[in-house]
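Colleague: A single structure is presented below for examination.
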Amino acid sequence: MPLRLLKYGLSRDYPVSGDIPATPELKPAYDVVIIGGGGHGLSCAHHLAKYHGIKSVAVLEKAYLAGGNTARNTTTIRSNYITPEGIAFYKEGVELFERLSHELDFNVMFSQRGQLTLAHSEATLRSFHMRAEMGKHMGTRTEVVDQKGVEELCPLLNMDYGGPLEILGGLWHADGGTARHDAVAWGYAAQASRRGVEIHQRTEVQDFEVVGDRVQAVKTNRGRVACGQVLIATGGMNYDVALKAGVELPIRCYPLQAMVTQPLKPWLHTLVSSVSLHTYLVQSSRGEVVIGGGSDPYQLYSTRSTLDMKEHLAEGAIHLFPFLQGVRLLRQWAGITDMTPDYSPIMGASPLANLWLDCGWGTWGFKATPVAGKRMAQTIAEGRVPDILKPFALERFETFRLLNEMGATAASH
Amino acid sequence: MKLLTCPMNGLRNIDEFQSFGPVRARPDPDATADTEWSRHLFRAENRKGIVTEWWRHVPSNYFFLAERDLVSNEIICTFDASELRDRA
Ligand SMILES: Cc1cc2nc3c(=O)[nH]c(=O)nc-3n(C[C@H](O)[C@H](O)[C@H](O)COP(=O)(O)OP(=O)(O)OC[C@H]3O[C@@H](n4cnc5c(N)ncnc54)[C@H](O)[C@@H]3O)c2cc1C
């Protein structure tokens, strides 16, 4: 990238790179069919084509590219989870983000500015100590900071000394950061299509043709497509799509809402989240303050927003930074999240021999876009699940080997 | 503001209620294999369509049931838990 900048920086004929190619005709068969053109599906397509030489790949997307949760997330990237299996996986994810702009030759605006999670109670602080020790053990940069440390990292915070929500300390995760979500998806799409992957927009998978223990073909609104291997990466629709193949996933759908303020000068230099207030904030490179929080209180397949939830987010944000009270909101939205019982994803094999799962990404899957794509591509290419993914198998629910990341996920995704 | 009709307290703001998820048949603890336990614990109803689910009116701590559309979010009806047996 730097060489190209030098080469073309002063020249008039910078080669304009084409967008993602228009949707081609559907072929009758592909080696690999990826259902869902979000970040995960596109990342897997890229890794299949670039690292495994598999080019007969079709990504089938029912709407427009990356308009699902990839477009709706608040872009928290971090690895400060609590289970060793979780930390090992997300750590690889953060490391891939560190190199992603080079990998894609596309600026994904990765900004590793660190994440500060706040404790307003001794109990939360104790859980932070455990996460910090696990994090250090696994080789990530995670530590507990005291009140002075919090003030130094984020001087504009309302510490609420003596108040009911006094900030007692924080979990400082220097590896944490953020990136531009659309760029991540487009970068993967551009790279994948350059290597021959076909991206089919407005192509909805409506049913599966299952013969024995194999998916013979998928049926779409544009016709039947026979497939060697199939990956389900349909975000909020994972339960619904897998069910059509006869696979019932332990997933429940909940809306998750977020919003942004009008652009402000840069003032928030870390990601900040509060467990007790169920609110987190990050300032985007455009200056907008992105505000997110916990999931909706009940199950629903809908991207509607509610005033209750927006008021709750505003309340949390204003409590932490009272000077935000006069700031206007620019946009607000929601996505449908596919929640698992243990707040960890479901990756790997399904009961069908050639159907693979990249599901259960709930409120936390953007950060895993590169690593899930890389590891699922490896799985599909080699026909077996690599060690790093094994703990995330669907069978873990039947063997009661859950990976409980609820506490490390709830407030900041 | 979304409203919900509580069988005991009448029409109230849905904020006053807490969802306890879809109704699940309780397995017989003496005659249930691990896989069925796992199903019971981890696989709640999530099909697009109408679910019967437990709700609680928080201020009065009253538990009851509602039929709700998981796509349109329409609350079709609410009823007391004593009616659950009659419906089953
Ligand atoms: C408000 C919000 C905030 C979030 N914040 C964070 C965060 O800060 N950090 C983080 O790591 N994660 C976050 N997440 C979670 C994250 O967005 C998702 O886990 C991640 O984007 C999932 O990517 P995906 O590619 O698997 O799914 P998606 O991006 O949803 O892509 C799935 C695609 O499949 C398509 N599809 C569905 N059904 C079919 C079908 N039948 N046939 C063909 N195509 C189909 C959809 O149209 C969609 O484009 C957040 C989510 C939301 C909603």
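The values are calculated or read from the model by the stated rules, or taken from the named source; none is laboratory data. Note that the structure is predicted; figures quoted are calculated from it, not measured. Quick reminder, even Gly has a Cβ in these numbers, built from the backbone with ideal geometry, and neighbours come from all protein chains shown. All accessible areas refer to the heavy atoms of the entire protein, side chains included, with ligands and DNA or RNA removed. Shrake-Rupley method; radii C 1.70, N 1.55, O 1.52, S 1.80 Å.
Colleague: Can you tell me which of A:323, A:89, A:366 moves the most in a GNM of chain A? Springs connect C-alpha atoms under 10 Å apart.
Modeller: Maximum fluctuation in the GNM of chain A, among the listed residues, is at A:323.
Colleague: Can you compute the charge dipole magnitude of chain A about its Cα centre, using +1 on each Lys and Arg Cβ and -1 on each Asp and Glu Cβ, nothing else charged? Give it in debye, rounded to the nearest 20. Please report the intermediate quantities before stating the final value.
Modeller: Details: 40 positive and 41 negative charges, 233 e Å.
My answer is approximately 1120 debye.
Colleague: Please enumerate, by chain and number, the aspartates and glutamates with C-alpha under 13 Å from the C-alpha of residue A:27, excluding those fewer than 8 residues away in the same chain.
Modeller: A:198
Colleague: With springs only between Cα atoms under 10 Å apart, run a GNM on chain A and tell me which of A:45, A:183, A:123 wobbles the most.
Modeller: Among A:45, A:183, A:123, the largest mean-square fluctuation in the Gaussian network model of chain A belongs to A:123.
Colleague: Can you give the average number of partner chain beta-carbon atoms within 10 Å of each beta-carbon in peptide A:299-308, as a whole number? Mind dumping the intermediate values first?
Modeller: Working: counts 11, 7, 9, 4, 0, 1, 0, 4, 2, 5.
Mean inter-chain Cβ contacts per residue within 10 Å come to 4.
Colleague: While we're looking at this one, here's another question. Can you tell which of B:49, B:66, B:25 lies farthest toward the positive end of the dipole of chain B, using +1 and -1 charges on the Cβ of basic and acidic side chains (Lys, Arg; Asp, Glu)?
Modeller: Value computed over the given set: B:49.
Colleague: Mind checking which lysines have their C-alpha under 25 Å from residue B:48, skipping anything on the same chain fewer than 8 residues away?
Modeller: Within reach: A:62, A:219, A:244, B:2.
Colleague: A further question on this structure: Provide the packing ranking of A:211-222, B:2-13, i.e. peptides ordered by the mean count of other C-beta atoms within 10 Å per residue, highest first. Spell out each step's value before the answer.
Modeller: Numbers: A:211-222: 15.2, B:2-13: 13.7.
Descending mean neighbour count gives A:211-222, B:2-13.
Colleague: In debye, nearest 20, what is the charge dipole magnitude of the stretch A:11-167 about its Cα centre with +1 on Lys and Arg Cβ and -1 on Asp and Glu Cβ, if you could check?
Modeller: Rounded to the nearest 20 debye, it is 320 debye.
Colleague: Largest first and in whole Å, what are the equivalent-ellipsoid semi-axes of the stretch A:205-359 based on the Cα gyration tensor, each being the root of 5 times an eigenvalue? Spell out each step's value before the answer.
Modeller: Values: eigenvalues 317, 46, 38 Å².
Working from the Cα gyration tensor, I get semi-axes of 40, 15, 14 Å.
Colleague: Still on this model: How much of the accessible area of the stretch A:120-250, in percent, comes from carbon and sulfur atoms when a 1.4 Å probe is used? Could the numbers behind the result be given before it?
Modeller: Details: 2720 of 5530 Å².
It is 49 percent, rounded to a whole number.
Colleague: Also, I was wondering about something else. Just need the Rg to Rh number for the stretch A:38-140, please, alpha carbons only, Kirkwood Rh.
Modeller: Details: Rg = 17.2 Å, Rh = 16.3 Å.
Ratio of gyration radius to Kirkwood radius for the stretch A:38-140: 1.05.
Colleague: With a 1.4 Å probe and all protein chains kept in place, how much accessible area does residue B:39 have, in Å² rounded to the nearest 10?
Modeller: 110
Colleague: State to the nearest 20 debye the size of the charge dipole of the stretch A:203-322 about its Cα centre, where the only charges are +1 on K and R beta carbons and -1 on D and E beta carbons. Walk me through the numbers before you get to the answer.
Modeller: Values: 10 positive and 11 negative charges, 72 e Å.
Rounded to the nearest 20 debye, it is 340 debye.
Colleague: Buried accessible area between A and B (1.4 Å probe, both chains summed, ligands and nucleic acids excluded), in Å² to the nearest 100?
Modeller: Numbers: alone 17870 and 6300 Å², together 22050 Å².
That pair of chains buries around 2100 Å² in total.
Colleague: Still on this structure, please answer the following. How large is ³J(HN,Hα), in whole Hz, for each residue of the stretch A:335-345 in order, when computed from phi with the Karplus curve 6.51 cos²θ - 1.76 cosθ + 1.60 and θ = phi - 60°, using x for Gly and Pro?
Modeller: Per-residue couplings from phi come out as x, 8, 10, 9, 8, 9, x, 10, 6, 10, x Hz.
Colleague: Highest GNM mean-square fluctuation, chain A, Cα pairs closer than 10 Å: which of A:50, A:310, A:265?
Modeller: Largest GNM mean-square fluctuation: A:265.
Colleague: Kindly provide the Kirkwood hydrodynamic radius of chain A in Å, to one decimal, from all pairs of distinct alpha carbon atoms.
Modeller: 21.9
Colleague: Is the shape of the stretch A:34-92 best called rounded, prolate or oblate, per the rule: a/c under 1.5 gives rounded, else a/b larger than b/c gives prolate, else oblate, with a ≥ b ≥ c the square roots of the Cα gyration tensor eigenvalues? Walk me through the numbers on the way to the answer.
Modeller: Values: a/c = 3.19, a/b = 1.39, b/c = 2.29.
Oblate, because a/c is 1.5 or more while a/b does not exceed b/c.
Colleague: Shifting gears a bit: With the radius of gyration and the Kirkwood radius both derived from the Cα set of the stretch A:89-183, what is their ratio Rg to Rh?
Modeller: Working: Rg = 15.6 Å, Rh = 14.7 Å.
My calculation puts Rg/Rh at 1.06.
Colleague: Let me ask something else about it. Take every Cα-Cα pair in the stretch B:14-88 and report what % of them are more than 16 Å apart. Provide the component values of the computation, followed by the final result.
Modeller: Numbers: 1565 of 2775 pairs.
Roughly 56 percent, once rounded to a whole number.
Colleague: In the protein assembly as shown, what % of DSSP beta bridges are antiparallel (nearest 5)?
Modeller: On the way: 68 of 88 bridges.
Counting only bridges with both partners in the protein assembly as shown, antiparallel ones make up about 75 percent.
Colleague: Let me ask you something else. At 1.306 mPa s and 10 °C, plugging the Kirkwood radius over alpha-carbon pairs of the stretch A:372-413 into Stokes-Einstein gives what diffusion coefficient in µm²/s? Provide the component values of the computation, followed by the final result.
Modeller: Details: Rh = 12.0 Å.
D, rounded to a whole number, is 133 µm²/s.
Colleague: Averaging sequence separations of C-alpha pairs under 8 Å and six or more residues apart, then dividing by the length of chain A, give the relative contact order as a whole percent.
Modeller: On the way: 939 pairs, mean separation 95.5, N = 413.
Relative contact order comes out at 23 percent.
Colleague: Now for a different question. Ignoring ligands, DNA and RNA, what accessible area per residue does the protein assembly as shown give at 1.4 Å, in Å²? Mind showing how you got there, number by number?
Modeller: Values: 22050 Å² over 501 residues.
So the protein assembly as shown comes to 44 Å² accessible per residue, rounded to a whole number.
Colleague: Can I ask one more? Helix-only estimate, please: 222 nm mean residue ellipticity of the protein assembly as shown, summing -39500 (n - 2.57) across DSSP H runs of length 4 or more and dividing by its residues, to the nearest 500.
Modeller: Numbers: 14 runs with 136 residues, N = 501.
Dividing the helical sum by the residues of the protein assembly as shown leaves -8000 deg cm²/dmol.
Colleague: Related question: Quick one: how many lysine pairs does the stretch A:260-408 have with C-alpha atoms less than 25 Å apart and a gap of 8 or more or different chains? Give me the count, please.
Modeller: On the way: A:265/A:310; A:310/A:367; A:367/A:390; A:374/A:390.
Close lysine pairs under the 25 Å cut-off: 4.
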